[in-house]
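Asker: Below is a structure I'd like to ask you about.
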Amino acid sequence: AAKVAGRGGYRFYVEEMTAAAQEKLRLRGRLAGALERGEFRLHYQPQVDLRTGRVLGAEALVRWPQPGGGWITPDQFIPVAEESGMILPLGEWVLREACRQFARWRERGDPDWTLAVNVSVRQWEAPHFLAQVTEVLRETGLPPARLILEVTESALLHDPEGTQGLARELADLGVRVALDDFGTGCSSLGQLQRLTIGQLKLDRSFVGPLSGWPRDQAIARTVVTLGHWLSVPTVGEGIETAEQLGVLRDLDCEVGQGFLLGSPLPPEEFESRYLHPGGGPLALF
Ligand code: C2E
Ligand code: MG
Ligand code: MG
Ligand code: MG
């Protein structure tokens, strides 16, 4: 290998690119039929009221289990699905399946859980998206006020006016919009002020470093305060330690999500753990 260094270095680079591109192509091919083959699953991660410790609802997270065990993570296949356009049917399946599940849980017990569903920018910008949401709610019987759609700041950056219009129409319908991974996308505060928003989700990169030091709290504190002034709750993502939980509670962050409070679970497990009459607070509180 040392012999071909120099020009070989270049060739190695090209080969690596090709391998990555081939891998992506392979993924894209397998992804194409995966929906028809019914290979996707949804897991549900609890969202918890940080004042009371009660479970408020859950975020639906798509999973793609693999035949040999294990799975390909959404961070790997969602970008590929976005590129190929496959995110449109996949996203529609996620929305319908999650709404159906929550409507069922609603009948069975807790009437007030909210469901958060991730929506990719491609879905968000599809002309029929509002109609699709309306139709899925009608079809599944889930009340619009139980649904929160999570979209990242990039939607706002890409098409501020379209996003403002859609957010308003969804709000008219009774559906809330959450800004996911908030703080990482650099949307302007002016645009944010014009947006009919229901929730801010503080990105976990700002939750990770939380400690008693003011500097480590700067972003979290600012986002929570912004939420207060906009009259929308903030959801702290990726809470893993008691210290992070303590700081967020001290900052008056309303809602929390993270492995400490509960990992994403398949529906049967989510149900047996959290769906019981009265749904008491988590033991942590
Ligand atoms: P996200 O929407 O920000 O979801 C939160 C991610 O953080 C999830 O990863 C969740 O499992 C993970 N997480 C939760 N608590 C903790 C924690 O305490 N520590 C750490 N380190 N991670 C935690 P996941 O399920 O792998 O999803 C990754 C991303 O893929 C999501 O980020 C979302 O952007 C996207 N995604 C997942 N499901 C869907 C979907 O149905 N549709 C679309 N369009 N995107 C999805
Ligand atoms: Mg999300
Ligand atoms: Mg997020
Ligand atoms: Mg994320």
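Asker: Give the residues of the stretch 150-169 that are touching a helix residue (DSSP H, G or I) at 6+ places or on another chain (Cβ under 7 Å), away from ligand 3 (no atom under 12 Å from the Cβ) and either without any contact (Cβ under 8 Å) to a residue 12 or more places away in the chain or among the hydrophobic types (A, V, I, L, M, F, W, C) (or both), sorted by residue number.
Answerer: A155, L156, L166 - these are the residues of the stretch 150-169 that are touching a helix residue (DSSP H, G or I) at 6+ places or on another chain (Cβ under 7 Å), away from ligand 3 (no atom under 12 Å from the Cβ) and either without any contact (Cβ under 8 Å) to a residue 12 or more places away in the chain or among the hydrophobic types (A, V, I, L, M, F, W, C) (or both).
Asker: Among the candidates G183, G236, which residue alone is within 16 Å of ligand 2 (Cβ to nearest atom), at pLDDT below 95 and in contact with a helix residue (DSSP H, G or I) (Cβ under 6 Å, 6 or more places away or on another chain)?
Answerer: G183
Asker: Looking at (1) over 22 Å from H228 (Cβ atoms); (2) open to solvent by 50 Å² or more (accessible area, probe 1.4 Å), which one does W124 not meet, given that it meets all the others?
Answerer: (2)
Asker: Sticking with this structure for a sec: Could you grab me the full set of residues in the stretch 184-238 that are over 24 Å from T114 (Cβ atoms), of a type outside the set (S, T, Y) and not in a helix (DSSP H, G or I)?
Answerer: C186, G208, P209, L210, G212, W213
Asker: Any residue that is at negative phi and within 11 Å of ligand 1 (Cβ to nearest atom) - is there at least one of those in the stretch 160-176?
Answerer: no
Asker: Within the bounds of the stretch 101-117, is there any residue that is open to solvent by 40 Å² or more (accessible area, probe 1.4 Å) and under 16 Å from E150 (Cβ atoms)?
Answerer: no
Asker: Does R63 fit the bill of being within 20 Å of the chain's Cα centre (by Cα) and within 16 Å of ligand 4 (Cβ to nearest atom)?
Answerer: yes
Asker: Within the set of pairs 6+ apart or on separate chains, which have a first residue in the stretch 187-205 that is within 19 Å of L251 (Cβ to Cβ), a second that is open to solvent by 40 Å² or more (accessible area, probe 1.4 Å), and C-beta atoms under 6 Å apart?
Answerer: Hits for this filter: Q199/P233; D203/D181; D203/T184.
The values are calculated or read from the model by the stated rules, or taken from the named source; none is laboratory data. Please read these numbers as outputs of a predicted model, since none were measured by experiment. Reconstructed Cβ throughout: ideal geometry from the backbone, glycine too, with neighbour counts over all protein chains shown. Only protein heavy atoms, including side chains, enter the accessible area calculation; ligands, DNA and RNA are left aside. Shrake-Rupley method; radii C 1.70, N 1.55, O 1.52, S 1.80 Å.
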